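Just so you know, all these numbers are worked out from the coordinates, no wet-lab data involved. Here the structure is a predicted model, which is why all the values come from computation and not from measurement. Glycine gets a Cβ as well: all are built from the backbone with ideal geometry, and neighbour counts include every protein chain shown.
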Amino acid sequence: MKITTTPIEGILVIEPQIFRDSRGYFFESFNQDKMLAAGIHLNFVQDNQSLSQKGAVRGLHFQAPPFEQGKLVRVVKGAVRDVVVDIRKNSATYGQHFSIDLTEENQLMFWIPPGFAHGFETLEDNTIFLYKCTNLYNKESEGGLLWKDPALGIKWQTAEPIVSDKDQILPTLNNFISPF
């Protein structure tokens, strides 16, 4: 398992060692000892799975303290452009985003600690996306940023994505007060 830092502190890309043979492949999708060695102390308490069609945008979501969530995410089938926005008030990279393509072919995983708004755009039909979360879902602590906020500078591939009504009315960065 190879763990790589990104330009935004705390965000990590995890590349598993994949063992392939005539039967298919095998890899560790999580290894607590290797995560601890990389300085990631976590306790997963909830797993989530979503199925989305090509052109869907989900996010940009977070849960506010004391129900903040860290997420280890990956794609089982299909492909996404995964995006995080730093919403930590005292961070040198506040308001900046980082994106990466997660696919069933590259098998990359993405560690997103608390303090980030997270979302993704589905690049293929019938994409299955998994989230391992460090805290349980809490509706009252839900928050988010508007996915199409020009101030964020996110380059979505789909001109007119499929977006939930809830995600269409999230605040822009300029109208947002971060709980982190």
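If I ask for residues that are assigned to a strand (DSSP E or B), surrounded by fewer than 12 Cβ atoms within 10 Å (Cβ to Cβ) and over 13 Å from the mean Cα position of the chain (by Cα), which ones from segment 24-83 would you list?
GLY24, TYR25, PHE26, ASP47 - these are the residues of segment 24-83 that are assigned to a strand (DSSP E or B), surrounded by fewer than 12 Cβ atoms within 10 Å (Cβ to Cβ) and over 13 Å from the mean Cα position of the chain (by Cα).
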List the residue pairs whose Cβ atoms are under 6 Å apart, where the first residue sits in segment 22-42 and is farther than 17 Å from GLU104 by Cα, the second is in a helix (DSSP H, G or I) and of a type in the set (S, T, N, Q), and the two are 6 or more positions apart or on different chains.
none
When only residues in segment 107-136 that are under 22 Å from PRO161 (Cβ atoms) and either without any contact (Cβ under 8 Å) to a residue 60 or more places away in the chain or among the β-branched types (Val, Ile, Thr) (or both) count, which is surrounded by the fewest Cβ atoms within 10 Å (Cβ to Cβ)?
ILE128
So which pairs qualify, if the first residue must be in segment 139-160 and farther than 16 Å from ARG81 by Cα, the second must be in a loop (DSSP other than H, G, I, E, B) and among the hydroxyl-bearing types (Ser, Thr, Tyr), the Cβ gap must be under 8 Å, and the two must be at least 6 apart or on different chains?
LEU145/THR172; LEU146/THR172; ASP149/THR172; ALA151/THR172
Please go through segment 91-136 and give me each residue that is within 24 Å of ILE18 (Cβ to Cβ), assigned to a loop (DSSP other than H, G, I, E, B) and among the hydrophobic types (A, V, I, L, M, F, W, C), ordered by number.
LEU108, LEU123
